[in-house]
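Working notes, beginning with the structure itself.
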Amino acid sequence: MIEFNSSFLEAFKGNKPNRIPVWFMRQAGRYQPEYREIRKSYSLVEICKNPRICADVTLLPVKQLDADAAILFSDIMIPLIQMNIDFEIKEGIGPVIANPFATTNDLDSVHEIESFEKIEFVGEATRILKSELTVPLIGFCGAPFTLASYIIEGGPSKNYYKTKAMMYNQPFLWESLMKRLAISMGRYLRYQLENGASAIQIFDSWVGSLSVSDYKTYIYPYMQLLFEELQSFDVPKILFGVNCNHLLRLQKESGANGIGLDWRGNFKEARQLLGLEITLQGNLDPALLLADWHIIEKQIDRILEEKQDHRFIFNLGHGIMPQASIDTLRKISDYVHSKSN
Ligand code: 1CP
């Protein structure tokens, strides 16, 4: 019988793991020929809605990369189906919303998640994975700001002008939307935990575009609300955002017990700022996946030297891009594992 590999979970207890835990954000995706093949027959949302295919896509990189955790294959937009928010995921663009959220009328049609009948495929995929995985499964969601940015802008954005305009000028609309998103995502994460996920990660990918003071005023209360929904679960709760070094302390205080650093961050400084109790995750620059091996090796050595203790999970500073190669990623995983003693 294959033993359960708990090195990822050990990183939250501060114990020395059997090996340094490694996983990669976006570890299932277009860089894999097998994923590209599946995508010829199924759209991204179709994969998410088919529990067996979803489970297979989730399992594939775990084996290929010898990863110490799996992340449910899905997208941050999927739970919006249960909230009655229509979206499409467009080839080469990302999530697109036909009717962006703009007025009090739009608020009436945004439902807080109270049941899961429209997204039961998530629970089913999670249960399949629970029975087939020998590593922990990470459930995930998008954080309220990052989700609101797509819902208000109508798609990917550079400056989030519409989102910020609503945040500053329409407090009732902003507060109502953020509250609904926070409570809904809290319940959605709980649903994943109850169906077999061992940990959760919240992606607040774009919140780094805000100042510390605006984060405190407009975001923090809703992150607290989201984490409150998870209070009874003693599991890893990782919060990740790009360009968030100025927000780390508030991110921790909102309720996370793990923080994902992007490649700009430094583990020594983060440890000093956040204390000994929190688990840190990251942070190889994904751009390095295209660099020569001797450069990658040096950068991994630097990260492992900066990390200092066992509350550490090796990852990238953001997701794997389609140009990356499986061989390089596997070499990285093997190399980090080889440095475990
Ligand atoms: O079919 C495809 O290859 C399209 C690309 C793609 C993929 C592989 C999209 C569209 N979503 C996904 C899956 C996905 N999305 C996963 C599971 C994969 C895994 O980790 O193994 C996860 C965790 C996400 C989460 C996600 N979606 C985030 C947060 C993480 C991050 O990278 O910052 C965000 C911001 C999205 C929105 C989204 N969905 C897809 C794209 C291209 C985007 C980004 C668009 C933009 O730049 O704003």
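Please enumerate the residues belonging to the range 70-92 that are within 27 Å of Phe8 (Cβ to Cβ) and near the ligand (Cβ under 10 Å from one of its atoms).
Answer for the range 70-92, where residues must be within 27 Å of Phe8 (Cβ to Cβ) and near the ligand (Cβ under 10 Å from one of its atoms): Ala70, Ile71, Leu72, Phe73, Ser74, Asp75, Ile76, Met77, Ile78.
Any residue that is part of a loop (DSSP other than H, G, I, E, B), basic (Lys, Arg) and either surrounded by fewer than 17 Cβ atoms within 10 Å (Cβ to Cβ) or within 10 Å of the ligand (Cβ to nearest atom) (or both) - is there at least one of those in the range 130-145?
no
Out of (1) of a type in the set (A, V, I, L, M); (2) more than 8 Å from the ligand (Cβ to nearest atom); (3) farther than 18 Å from Leu129 by Cα, the odd one out for Ala67 is which?
Ala67 satisfies all of (1) of a type in the set (A, V, I, L, M); (2) more than 8 Å from the ligand (Cβ to nearest atom); (3) farther than 18 Å from Leu129 by Cα except (3).
Specify the residue that is farthest from the chain's Cα centre (by Cα); the eligible residues are those in the range 266-287 that are more than 21 Å from Phe227 (Cβ to Cβ) and either touching a residue at least 60 places away in the same chain (Cβ under 8 Å) or not in a helix (DSSP H, G or I) (or both).
The qualifying residue farthest from the chain's Cα centre (by Cα) is Asn266.
Can you tell me which residue within the range 288-341, out of those that are part of a loop (DSSP other than H, G, I, E, B) and among the charged types (D, E, K, R), is surrounded by the fewest Cβ atoms within 10 Å (Cβ to Cβ)?
Looking at the filtered set, the residue picked out is Asp292.
Do we find that Tyr161 is hydroxyl-bearing (Ser, Thr, Tyr), buried (at least 20 other Cβ atoms within 10 Å of the Cβ) and either away from the ligand (no atom under 14 Å from the Cβ) or under 27 Å from Asp56 (Cα atoms) (or both) in this structure?
No: the conditions fail for Tyr161.
Do we find a residue being over 30 Å from Trp174 (Cβ atoms) and at pLDDT 95 or above anywhere in the range 84-98?
Scanning the range 84-98, I find no residue that is over 30 Å from Trp174 (Cβ atoms) and at pLDDT 95 or above, so the answer is no.
Quick check on my filter: what residues within the range 266-277 are surrounded by fewer than 20 Cβ atoms within 10 Å (Cβ to Cβ) and either under 20 Å from Asn15 (Cβ atoms) or not polar (S, T, N, Q) (or both)?
Correct list: Lys268, Glu269, Arg271, Leu273, Leu274, Gly275, Leu276, Glu277.
Somewhere in the range 180-200, is a residue among the charged types (D, E, K, R) and in contact with a helix residue (DSSP H, G or I) (Cβ under 7 Å, 6 or more places away or on another chain)?
Checked the range 180-200: no residue is among the charged types (D, E, K, R) and in contact with a helix residue (DSSP H, G or I) (Cβ under 7 Å, 6 or more places away or on another chain).
Identify the single condition in (1) more than 10 Å from the ligand (Cβ to nearest atom); (2) within 17 Å of the chain's Cα centre (by Cα); (3) not polar (S, T, N, Q) that Pro17 does not satisfy, given that it satisfies every other one.
(2)
Within the range 187-194, is there a residue that is in contact with a Leu (Cβ under 9 Å, 6 or more places away or on another chain), surrounded by fewer than 21 Cβ atoms within 10 Å (Cβ to Cβ) and not β-branched (Val, Ile, Thr)?
For the range 187-194, residues in contact with a Leu (Cβ under 9 Å, 6 or more places away or on another chain), surrounded by fewer than 21 Cβ atoms within 10 Å (Cβ to Cβ) and not β-branched (Val, Ile, Thr): present.
Test Glu37 against the stated conditions and say whether it is charged (D, E, K, R), in a helix (DSSP H, G or I) and more than 9 Å from the ligand (Cβ to nearest atom).
Answer is yes for this residue.
Quick check: is even one residue across the range 171-181 more than 30 Å from Ile2 (Cα to Cα), among the small types (Gly, Ala, Ser), touching a residue at least 24 places away in the same chain (Cβ under 8 Å) and more than 16 Å from the ligand (Cβ to nearest atom)?
yes
Determine if the range 248-261 includes at least one residue that is out of contact with any helix residue (DSSP H, G or I) (no Cβ under 7 Å at 6 or more places or on another chain), closer than 25 Å to Lys331 by Cβ and within 15 Å of the ligand (Cβ to nearest atom).
Checking the range 248-261: at least one residue is out of contact with any helix residue (DSSP H, G or I) (no Cβ under 7 Å at 6 or more places or on another chain), closer than 25 Å to Lys331 by Cβ and within 15 Å of the ligand (Cβ to nearest atom).
Of the residues Ala102, Ala98, Ala148, which is touching a helix residue (DSSP H, G or I) at 6+ places or on another chain (Cβ under 8 Å) and either assigned to a loop (DSSP other than H, G, I, E, B) or within 16 Å of Lys49 (Cα to Cα) (or both)?
Being touching a helix residue (DSSP H, G or I) at 6+ places or on another chain (Cβ under 8 Å) and either assigned to a loop (DSSP other than H, G, I, E, B) or within 16 Å of Lys49 (Cα to Cα) (or both) holds for just one of Ala102, Ala98, Ala148, which is Ala102.
For the range 188-209, how many residues meet the condition of being of a type outside the set (A, V, I, L, M), within 13 Å of the ligand (Cβ to nearest atom) and part of a helix (DSSP H, G or I)?
Count: 3.
The values are calculated or read from the model by the stated rules, or taken from the named source; none is laboratory data. Every value quoted in this text rests on a predicted model; they were computed, and no experiment measured them. Backbone-built Cβ (ideal geometry, glycine too); neighbour counts: all protein chains shown.
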